[in-house]
1. In region 180-195, what residues are touching a residue at least 60 places away in the same chain (Cβ under 8 Å) and either farther than 23 Å from ASN307 by Cα or open to solvent by 10 Å² or more (accessible area, probe 1.4 Å) (or both)?
2. Please identify the pairs in which a residue from region 244-260 that is of a type in the set (A, V, I, L, M, F, W, C) has its Cβ atom under 7 Å from the Cβ atom of a residue that is within 9 Å of ligand 1 (Cβ to nearest atom), counting only partners at least 6 apart or on another chain.
3. Condition (residue is in contact with a Phe, Trp or Tyr (Cβ under 7 Å, 6 or more places away or on another chain), over 19 Å from LEU44 (Cβ atoms) and either in contact (Cβ under 8 Å) with a residue 24 or more places away in the chain or buried (at least 21 other Cβ atoms within 10 Å of the Cβ) (or both)) applied to region 157-169: is it met by at least one residue?
4. For LEU325, state whether it is without any contact (Cβ under 8 Å) to a residue 40 or more places away in the chain, open to solvent by 60 Å² or more (accessible area, probe 1.4 Å) and among the aliphatic types (A, V, I, L, M).
5. Pick from LYS16, LYS25: which is at pLDDT 95 or above and in a loop (DSSP other than H, G, I, E, B)?
6. So, in region 251-272, exactly how many residues are more than 30 Å from ALA201 (Cβ to Cβ) and within 15 Å of ligand 1 (Cβ to nearest atom)?
7. Within the group LYS397, LYS349, LYS363, LYS390, which residue is open to solvent by 90 Å² or more (accessible area, probe 1.4 Å) and over 20 Å from ASN269 (Cβ atoms)?
Amino acid sequence: NQNWNIENSYLKLPSKFYSKQLPEKFINPKKIYFNSNLALDLGLGFLSEAEILDYFSGNKILKGATSIAQAYAGHQFGRFTMLGDGRAILLGEQISPKNIRYDIQLKGCGRTPYSRQGDGKATLSSVLREYIISEAMYYLGIPTTRSLAVIQTGEKVYRDQVYNGGVLTRVSSSHIRFGTFEFVRNFCSKDDLEIFIKYVADRHYPQISNAKNIALELFELVMIKQIDLIVNWMRVGFIHGVMNTDNMSIYGETIDYGPCAFMNTYNPNTVFSSIDKNGRYSFGNQPNIMHWNLVVFANTLIPMISNNKKKSIKLIREKLNKFPLLFSNGWYDMMYKKLGILKPIEKDKILVDSLLELMNNYKADYTNTFAALTLSDTSSESLFKSHKFKKWQKEWKDRINYSSDSIESFKIMQKQNPLVIPRNHLVELALEKSINGNFNQLDN
Ligand code: AMP
Ligand code: MG
């Protein structure tokens, strides 16, 4: 197929859910990156260089497509706010050759009705950063939005300094967020909420489209997806940095790469975002915050669960109360795999907990520690020289039958434990170089 296969099912929703909006035009755009692997998956492998530049700078709009900015709301650092795509424009939904629906969105192409005080622009370096980290997440096996193209706009963007402007083409299963539900619940009618829940179920969770209680089932499925997501983040030491409810995708993809980073030294209190003064979104607090965000999400569904409010609350609270145990089980299962434990027993929890405690005490690198165990090369970190670690290691080796039969264990460990992550100082170094027009470093 040599053509776009674009739809926009979002346009069938009540018109207050979005605003029609054209991207701004840029006089001198330049292609910096185009993700041709992703383009092939999307059925967009046929695009010429000129088309890539035209479409993904926003200079040209697809024939027959209507571009929109989506309305949403959200809790930012705990406070409720009306938001919306202030600098993102949805070009449409591309139906891939495998018949999968993907939102194609431009980020940084000008103001929309939801921009508030913002200029609707993005800096090239923030766009490159999102490109690097989202693609790294994808290849680490973590649900995420993806990056199709990076265009330098040729325009300057004014922040604390003057920067080059950029536009990112973001691809996702959808850009529907917990915050979109908050928008509908707070600013639209009960009928609108019903329409929206049905839309989300049909689009993302068709297995419950005909369920008796779609809202309640939806909640449970979303909760399970989010648990899986956070467990995956914690597997690789990822800190999202701004887990506001507007940054929580309804389909459980990592979305909105702002002040995110991969942890180096293991410490659950690690924070990268300079505005996160109280550690609300620290590495170890991510599960608690997801639980908190799920409470907000649950609240938006209450009118649709039962006509009796008390009953609604009771039903959804029963689901919510499962979170701690489900999370803990999911997290330990993941940690067991990181350690190659194939048939875990209750006592293995102590093995996991005590390793993390040692890593914390010895300031061991999170990625390198598990990589060393995976490669059976425990020489570098000072942790490995300690008596306490050697004692731990002996117990662990017993558990995976290290001496005789641990091939399977190491196979699982290899899958779970990355040897390389995009470390923040290297990402920053590459971005710094790219500001001077040197993009070589980014290819590594
Ligand atoms: P974020 O921090 O990316 O989650 O954005 C929070 C809100 O601010 C969203 O509604 C964004 O669309 C909006 N926003 C962020 N940056 C800008 C900008 N430069 N111009 C307009 N709106 C923005
Ligand atoms: Mg956001």
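The values are calculated or read from the model by the stated rules, or taken from the named source; none is laboratory data. Predicted model only: the values in this text are computed from it and were never measured. Counting neighbours? That spans all protein chains shown, and the Cβs are built from the backbone with ideal geometry, glycine included. Side chains included, ligands, DNA and RNA excluded: accessible areas come from the protein's heavy atoms. Shrake-Rupley method; radii C 1.70, N 1.55, O 1.52, S 1.80 Å.
1. Taking region 180-195 first, the residues touching a residue at least 60 places away in the same chain (Cβ under 8 Å) are 180-188, 190, 192-195.
Answer for region 180-195, where residues must be touching a residue at least 60 places away in the same chain (Cβ under 8 Å) and either farther than 23 Å from ASN307 by Cα or open to solvent by 10 Å² or more (accessible area, probe 1.4 Å) (or both): PHE183, ARG185, ASN186, PHE187, CYS188, LYS190, ASP192, GLU194, ILE195.
2. If the second residue must be within 9 Å of ligand 1 (Cβ to nearest atom), the pairs left are ILE255/ASN247.
3. The answer is yes, given that some residue of region 157-169 is in contact with a Phe, Trp or Tyr (Cβ under 7 Å, 6 or more places away or on another chain), over 19 Å from LEU44 (Cβ atoms) and either in contact (Cβ under 8 Å) with a residue 24 or more places away in the chain or buried (at least 21 other Cβ atoms within 10 Å of the Cβ) (or both).
4. Working: without any contact (Cβ under 8 Å) to a residue 40 or more places away in the chain: yes; open to solvent by 60 Å² or more (accessible area, probe 1.4 Å): yes; among the aliphatic types (A, V, I, L, M): yes.
Yes.
5. Details: LYS16 fails: in a loop (DSSP other than H, G, I, E, B).
After ruling out the rest, the residue left standing is LYS25.
6. Applying the first criterion (more than 30 Å from ALA201 (Cβ to Cβ)) to region 251-272 yields 259, 261-272.
Within this subset, residues satisfying the condition of being within 15 Å of ligand 1 (Cβ to nearest atom) are 259, 272.
Residues that pass the stated criteria total 2.
7. On the way: LYS397 fails: open to solvent by 90 Å² or more (accessible area, probe 1.4 Å); LYS349 fails: open to solvent by 90 Å² or more (accessible area, probe 1.4 Å); LYS363 fails: over 20 Å from ASN269 (Cβ atoms).
Exactly one of LYS397, LYS349, LYS363, LYS390 is open to solvent by 90 Å² or more (accessible area, probe 1.4 Å) and over 20 Å from ASN269 (Cβ atoms), namely LYS390.
Every residue, every condition in (1) in a strand (DSSP E or B); (2) within 16 Å of ligand 2 (Cβ to nearest atom); (3) among the β-branched types (Val, Ile, Thr), yes or no:
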| position | (1), (2), (3) |
| --- | --- |
| VAL242 | no, yes, yes |
| PRO259 | no, yes, no |
| SER273 | no, yes, no |
| ARG280 | no, yes, no |
| ASN285 | no, no, no |
| ASN288 | no, no, no |
